[in-house]
Amino acid sequence: MIQVDDLTKRYGAATAVDGVGFSAPAGRVTGLLGPNGAGKTTTVKMLLGLVRPDRGNALVDGRPYPSLADPLRTVGTLLEADSLHRGRTARQHLRWLAQSNRIRPGRVGAVLDQVGLADQARARIATFSLGMRQRLGLAAALLGEPKVLLLDEPINGLDAEGIVWMRAFLREQAARGTAVLVSSHHMTEVAETADHLVVIGSGRLLADLPTEEVIRRYARPSVRVASGERDRLAAVLGDAGYPVHTRSDGGLAVSGASAAAIGALAGEHRIVLEGLSRESGSLEEAYLGLVGSPAAEAASGTEPSTTADDPKGRQ
Ligand SMILES: Nc1ncnc2c1ncn2[C@@H]1O[C@H](COP(=O)(O)OP(=O)(O)OP(=O)(O)O)[C@@H](O)[C@H]1O
């Protein structure tokens with residue numbers, strides 16, 4: 001389990017992480033989500049003892065990372081900047097890691113199998129694609145059979161097949177009881193995998209909620225409407241006070257109005273409709289709704305930002 005409490009880090013006058021608190025329990029994929037510069041990497045670095053917090057705690061299995069007796073057996077990590085010795089083979093790399101951490105060599109074959117790299121075990125890392133390097137990084141993270149996985153942007157740069165594989169892999173780890181914390185700046189990718197989202201923006205916690213709840217609260221449903229008189233219809237809807245956007249397919253997306261109200265307005269103005277359908281809000285909308293909302297509002301603990309599972313109501 002990962003537990004972060006009131007975590008704060010300042011760089012000069014700038015506060016990179018500001019009073020952030022959340023947990024990533026066993027058996028769950030928790031997504032740490034935020035735009036570039038939100039403070040994700042600084043949070044991950046504090047969890048790994050690479051950056052010292054100015055205030056608060058970042059605990060893995062109840063302890064600060066630097067005081068863990070056997071870090072590789074407690075938490076498996078994948079960092080974006082992980083450096084690999086490119087002249088080595090995958091097996092050599094893992095054997096070296098196992099040896100230097102007193103892990104039995106039999107684990108090397110097991111983790112290569114687990115990440116689907118058994119057939120490339122003797123290939124040099126220099127010949128690996130990004131997806132294969134990510135798998136090798138995961139194999140290294142799994143060597144010590146840790147009950148916590150902390151992965152920084154594991155989906156970044158992967159092709160479609162790699163993304164599908166990574167999602168299944170993360171879900172499988174959580175199903176085995178591992179606490180999985182995945183950082184990402186991409187809502188769609190992380191929301192497809194994570195059960196729970198911790199969203200930060202400008203160093204502050206914006207939401208700490210089940211993924212479905214984030215979508216329910218922040219993605220605004222809209223009505224898709226198509227008409228040969230699109231511009232006139234847009235003007236009529238705009239005059240009636242409904243926000244209208246032109247969609248990439250040429251139709252209109254109307255927020256805050258029911259399909260019946262749009263139909264009635266169109267009828268009143270004798271505009272023929274060619275299509276009218278209700279659409280649930282998208283993940284990206286939910287994300288923009290969230291990171292666009294002021295942190296101060298979120299910190300107030302009032303709807304729409306109260307956490308479902310934080311008895312203190314703190315964000
Ligand atoms: N060593 C540092 N010195 C000064 N400022 C820093 C340092 N590290 C991070 N920052 C600043 O802290 C803020 C948070 O950065 P951080 O890298 O944690 O964000 P992030 O959410 O991980 O973004 P990204 O996805 O771009 O890595 C940014 O404004 C960044 O410029």
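The values are calculated or read from the model by the stated rules, or taken from the named source; none is laboratory data. Being a predicted model, the structure only gives us computed values, none of them experimental. Because the Cβ atoms are built from the backbone with ideal geometry, glycine has one as well, and the counts that use them run over all protein chains shown. For the accessible areas, the whole protein counts, side chains as well, though only heavy atoms, and no ligand, DNA or RNA atoms are used. Shrake-Rupley method; radii C 1.70, N 1.55, O 1.52, S 1.80 Å.
What to note about this one:
- Test result for GLY76, more than 16 Å from the ligand (Cβ to nearest atom) and assigned to a loop (DSSP other than H, G, I, E, B): no
- Note on segment 68-99: among residues that are open to solvent by 50 Å² or more (accessible area, probe 1.4 Å) and free of Cβ contacts under 8 Å to residues at least 24 places away in the same chain, the one that is farthest from GLN134 (Cα to Cα) is ALA69.
- Residues located in segment 270-315, provided they are at pLDDT 90 or above and in a loop (DSSP other than H, G, I, E, B): ARG270, ILE271, VAL272
Conditions (1) open to solvent by 30 Å² or more (accessible area, probe 1.4 Å); (2) touching a Ser or Thr at 6+ places or on another chain (Cβ under 7 Å); (3) away from the ligand (no atom under 16 Å from the Cβ), marked per residue:
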{"site": "ASN101", "(1), (2), (3)": "yes, no, yes"}
{"site": "ASP113", "(1), (2), (3)": "yes, no, yes"}
{"site": "GLY116", "(1), (2), (3)": "yes, no, yes"}
{"site": "ALA126", "(1), (2), (3)": "yes, no, yes"}
{"site": "ARG133", "(1), (2), (3)": "yes, no, yes"}
{"site": "LEU136", "(1), (2), (3)": "no, no, yes"}
{"site": "LYS147", "(1), (2), (3)": "yes, yes, yes"}
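- When GLY19, GLY39, GLY31 are checked against the criterion of being on the phi > 0 side of the Ramachandran plot, away from the ligand (no atom under 11 Å from the Cβ) and open to solvent by less than 40 Å² (accessible area, probe 1.4 Å), GLY19 stands alone in meeting it.
- Considering ASP208, ASP239, ASP231, the condition of being assigned by TED's automatic domain parsing to the domain that holds THR30 and either over 30 Å from GLY19 (Cβ atoms) or touching a residue at least 12 places away in the same chain (Cβ under 8 Å) (or both) is satisfied by ASP208 alone.
- Cβ separations smaller than 8 Å between residues 6+ apart or across chains give the following pairs from segment 31-52 residues that are farther than 19 Å from ASP208 by Cα and of a type in the set (Val, Ile, Thr) to residues that are in a helix (DSSP H, G or I) and within 6 Å of the ligand (Cβ to nearest atom): VAL51/THR42.
- Restricting segment 1-14 to residues that are more than 14 Å from the ligand (Cβ to nearest atom) and not acidic (Asp, Glu), the residue that is modelled with the lowest pLDDT: MET1
- Taken as a whole, the condition of being over 20 Å from ALA140 (Cα atoms), of a type outside the set (Gly, Ala, Ser) and at pLDDT 95 or above applies to VAL17.
- Whichever residue in segment 228-269 is hydrophobic (A, V, I, L, M, F, W, C) and in a loop (DSSP other than H, G, I, E, B) and, among such residues, is least open to solvent (accessible area, probe 1.4 Å): ALA257
- Residue match in segment 57-66 (condition: open to solvent by less than 40 Å² (accessible area, probe 1.4 Å) and within 15 Å of the ligand (Cβ to nearest atom)): yes
- ALA160 falls short on exactly one of the conditions (1) open to solvent by 30 Å² or more (accessible area, probe 1.4 Å); (2) modelled with pLDDT of 95 or more, and that condition is (2).
- Residue within segment 160-173 that is in contact with a helix residue (DSSP H, G or I) (Cβ under 7 Å, 6 or more places away or on another chain), assigned by TED's automatic domain parsing to the domain that holds ALA118 and within 16 Å of the ligand (Cβ to nearest atom) present: no
- Members of segment 174-211 that are part of a helix (DSSP H, G or I) and surrounded by fewer than 24 Cβ atoms within 10 Å (Cβ to Cβ): ALA174, ALA175, THR188, GLU189, ALA191, THR211
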